[in-house]
């Protein structure tokens, strides 16, 4: 090992100890902040579901379009879609395949509020971001919309029709399984029955279990998604925002200024010891 590298290793170790781990995290999207909201490089607002640029584009009580799914479908398909494709290869029986995908999301994601994870009251992750965390750590953290987004994309990758359903203060996934007999409730979208609720937020929930509080709820609204991508916008030149996550209680916002100072300090040590 070069002499100068041996000399600065203790300093690097000290730096890693004093800097929060979240400072060193690399976001999977180029986030920027505007008017107190966080946007990604598709110009979708991650901290708000409503509005034309909201991640679910909720426009009214009966109209929404989960745009964030398009970040992981079509030409943007990546890890989450590939997981679904792998399940399709491994499980030719469609009911078993649907159950295995559901169990994957249920067991690999630990329910965590956005406030605890990101220090925002709302922050949606796209399916590939959550899949990457699962791949790297063996598990991930998320709330109801994160489960729903992940499941919907994986089901599409596995060859299923899937949808997002919104209820008062809640989101879930739907999968089209018209002959599935284990569901406690079968739903219809635009008059077509056979849709099964996928509620993965509970550790013991089976596929098809629909919470009683939503049975008979008239304010349910569903959107069947197509396997289509949304177009990533050109770099806007807006100041980037640091969005970090590490699980419950570890969502810390660290100014990039401190990271720059730390790197300058290391470089100065490097130059002095060469």
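Taking packing as the residue-averaged number of other Cβ atoms within 10 angstrom, the listed peptides 218-230, 110-122, 160-172 run from highest to lowest as 160-172, 110-122, 218-230.
When you count the other C-beta atoms within 10 angstrom of each residue and take the mean per peptide, 93-104, 66-77 line up highest first as 66-77, 93-104. By other beta-carbon atoms within 10 Å, ranking 42, 195 with the fewest at the front produces 42, 195. Counting other Cβ atoms within 10 Å as a rough exposure proxy, the listed residues 210, 215 run 215, 210 from fewest neighbours to most.
All of the numbers you see were taken from the coordinates with simple rules; none came from a lab. Just so it is clear, the structure is predicted and the values come from calculations on it, not from any experiment. No Cβ is skipped: glycine too gets one built from the backbone with ideal geometry, and neighbour counts run over all protein chains shown.
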